[in-house]
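In what follows, a single structure is set out as structure tokens and then discussed.
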Amino acid sequence: MTEPTSAVRDRIMSLTATELPAYVYDLAALREHAASVRSALPPRVELYYAAKANPEPEILTALAPHVDGYEVASGGELTHVAEAVPGRPLAFGGPGKTPDEITAALERGVARFHVESEHELRVLAELARRVVPGRRVAVLLRFNLAVADGALAGSSLAMGGRPTPFGL
């Protein structure tokens, strides 16, 4: 974590008790950090920001010059992000996507979907045929690869080794 700029520090110090608690973001520092991440990546790598991390329109807008698009994980996020940063590429990920959400995403021009199961792949294929016939839709399959017994011992987040709602 970096020290806040003087402008951010002054803003924090000016907050009254009735304005606290508060989240205060240094958009200049965010832009600088995003630019450094972008510059560290090879040109062929696409960088998408997961809107669930922080969907504030000011954050999304600050990141726009540095990301190739945004990943959304629900119909609500899809609508919010599409309105906050119009015209930007969107990827739709996350488990539990409903047919209505997939349809809305296709209608909004989403062309990249993270798919968590064979069933979801079949639903997406059928909806794409009906909603956007002839248009290609990119599919990114999420797999949980088998791991050796005990390899995840002590892990606080273990999604590998078997199919789950979070992957094949």
Qualifying positions in the range 95-107 - open to solvent by 40 Å² or more (accessible area, probe 1.4 Å) and within 16 Å of the chain's Cα centre (by Cα): P95, G96, E101
Subset of the range 65-88 (residues that are under 12 Å from E46 (Cβ atoms) and either open to solvent by 60 Å² or more (accessible area, probe 1.4 Å) or within 10 Å of the chain's Cα centre (by Cα) (or both)): G69, Y70, E71
Considering residues of the range 124-142 that are open to solvent by 30 Å² or more (accessible area, probe 1.4 Å) and in contact with a helix residue (DSSP H, G or I) (Cβ under 6 Å, 6 or more places away or on another chain) only, the residue nearest to A91 (Cα to Cα): V137
Residue identified as under 23 Å from E32 (Cα atoms) and either outside the structural domain of H114 (by the TED database) or not in a helix (DSSP H, G or I) (or both) among P95, P65: P65
Complete set of residues in the range 112-123 that are under 20 Å from G76 (Cα atoms) and either of a type in the set (K, R) or surrounded by 19 or more Cβ atoms within 10 Å (Cβ to Cβ) (or both): R112, F113, H114, V115, E116, E120
Scope the range 23-41; condition open to solvent by 50 Å² or more (accessible area, probe 1.4 Å) and either in a loop (DSSP other than H, G, I, E, B) or of a type in the set (K, R) (or both); matching residues: Y23, V24, Y25, R31, R38, L41
Candidates E77, E71, E46, E83, filtered to the one that is part of a loop (DSSP other than H, G, I, E, B), under 24 Å from L106 (Cβ atoms) and either without any contact (Cβ under 8 Å) to a residue 24 or more places away in the chain or not aromatic (F, W, Y) (or both): E46
Residue count, the range 75-102 (criterion: more than 19 Å from L141 (Cβ to Cβ) and hydrophobic (A, V, I, L, M, F, W, C)): 5
Filtered residues of the range 65-99 (kept if in contact with a Gly (Cβ under 7 Å, 6 or more places away or on another chain) and among the charged types (D, E, K, R)): E71, R88
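The values are calculated or read from the model by the stated rules, or taken from the named source; none is laboratory data. Because the structure is a prediction, the values reported are computed rather than measured. Counting neighbours? That spans all protein chains shown, and the Cβs are built from the backbone with ideal geometry, glycine included. Just so you know, the surface numbers come from the protein's heavy atoms only, side chains and all, with ligands and any DNA or RNA stripped out. Shrake-Rupley method; radii C 1.70, N 1.55, O 1.52, S 1.80 Å.
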